[in-house]
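The values are calculated or read from the model by the stated rules, or taken from the named source; none is laboratory data. These numbers were taken from a predicted model, which means no experiment stands behind them. Ideal geometry is used to build each Cβ from the backbone, glycine not excepted, and the neighbour counts take in all protein chains shown.
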Amino acid sequence: DTAVSQTPKYLVTQMGNDKSIKCEQNLGHDTMYWYKQDSKKFLKIMFSYNNKELIINETVPNRFSPKSPDKAHLNLHINSLELGDSAVYFCASSRNRVNTEAFFGQGTRLTVV
Amino acid sequence: QQQVKQSPQSLIVQKGGISIINCAYENTAFDYFPWYQQFPGKGPALLIAIRPDVSEKKEGRFTISFNKSAKQFSLHIMDSQPGDSATYFCAASKSSNTGKLIFGQGTTLQVKP
């Protein structure tokens with residue numbers, strides 16, 4: 001019974017393609033996040049949604065567009081993929097925007113060739 | 001601008017020894033300081049966390065020491081075991097904000113048998 005699940009786990013694609021990563025949490029949490037982990041393992045927040053409302057939008061190229069159809073799901077769509085987008089993307093959730101105990105998914109390793 | 005600085009970058013400890021990882025933060029508004037453990041191919045998992053109203057928190061072999069005046073906190077792993085070999089991240093957030101976690105750069109710990 002995975003609390004925060006992401007699909008796919010691995011994604012290899014060519015430059016210029018458009019791809020999506022899906023995330024679902026079954027914890028009943030209100031807040032969900034996307035974090036990016038680069039090749040040096042540095043973790044940085046990209047977006048956050050609280051009850052389907054966007055509350056964090058860090059300095060991320062607008063080729064990246066999150067979508068939250070309901071509070072249990074937060075998907076990440078990336079247009080016109082570039083080599084520099086290669087990274088591991090983690091979805092996470094927390095009970096709400098004040099309680100920052102975050103639970104992370106297993107990650108999606110994106111490789112752009 | 002790195003708001004949370006973590007050291008060392010890597011650490012090798014003998015089995016049974018004490019592993020110590022340090023973090024320093026800049027923003028005095030931070031009021032939640034978690035440590036995450038990440039194994040290869042997995043997402044970060046919350047290990048232990050502290051709030052600034054206490055100077056120390058212990059859970060099993062893991063202890064956080066917190067020094068509010070110095071704006072520093074550290075993770076101590078007592079009786080380190082080979083199974084503790086992982087990457088450790090400190091983080092900080094403002095609980096009245098958006099739930100955003102600011103991570104340190106990570107420490108790769110290797111415990112030798």
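Assorted remarks:
- Residue in segment A:14-29 that is free of Cβ contacts under 8 Å to residues at least 12 places away in the same chain and among the hydrophobic types (A, V, I, L, M, F, W, C) present: no
- Residue list for segment A:40-81, filter: in contact with a Ser or Thr (Cβ under 8 Å, 6 or more places away or on another chain) and within 23 Å of B:Tyr88 (Cβ to Cβ): A:Lys41
- Filtered by the rule that a residue be out of contact with any His (no Cβ under 7 Å at 6 or more places or on another chain) and either touching a residue at least 60 places away in the same chain (Cβ under 8 Å) or surrounded by fewer than 19 Cβ atoms within 10 Å (Cβ to Cβ) (or both), segment B:56-65 gives B:Glu56, B:Lys57, B:Lys58, B:Glu59, B:Gly60, B:Arg61, B:Phe62.
- Matching residues in segment B:31-49 - criterion: being assigned to a strand (DSSP E or B) and either at the interface with chain A (Cβ under 9 Å from one of its Cβ atoms) or among the β-branched types (Val, Ile, Thr) (or both): B:Tyr32, B:Pro34, B:Tyr36, B:Gln38, B:Ala45, B:Leu46, B:Ile48, B:Ala49
- Scanning segment B:78-91 for residues that are among the aliphatic types (A, V, I, L, M) and not in a loop (DSSP other than H, G, I, E, B), we see that the one that is nearest to the chain's Cα centre (by Cα) is B:Ala91.
- Strands (runs of 3 or more DSSP E) contained in segment A:20-113 and holding at least 3 residues buried (at least 16 other Cβ atoms within 10 Å of the Cβ) and within 14 Å of chain B (Cβ to nearest Cβ): A:31-37, A:43-50, A:87-94
- The set of residues in segment B:92-113 being part of a strand (DSSP E or B), within 11 Å of chain A (Cβ to nearest Cβ) and more than 15 Å from B:Phe62 (Cβ to Cβ) consists of B:Ala92, B:Ser93, B:Ile102, B:Phe103, B:Thr108.
- Positions within segment B:97-113 being among the small types (Gly, Ala, Ser) and without any contact (Cβ under 8 Å) to a residue 12 or more places away in the chain, in sequence order: B:Gly99
- Within the option set A:Gln14, A:Gln25, A:Gln37, being out of contact with any Phe, Trp or Tyr (no Cβ under 8 Å at 6 or more places or on another chain), at pLDDT 95 or above and not aromatic (Phe, Trp, Tyr) holds for one residue only, A:Gln14.
- Residue count for segment B:23-39 satisfying the condition of being at pLDDT 95 or above and surrounded by fewer than 17 Cβ atoms within 10 Å (Cβ to Cβ): 1.
- Filter result for A:Leu27 (more than 13 Å from the chain's Cα centre (by Cα) and more than 15 Å from B:Gly99 (Cβ to Cβ)): no
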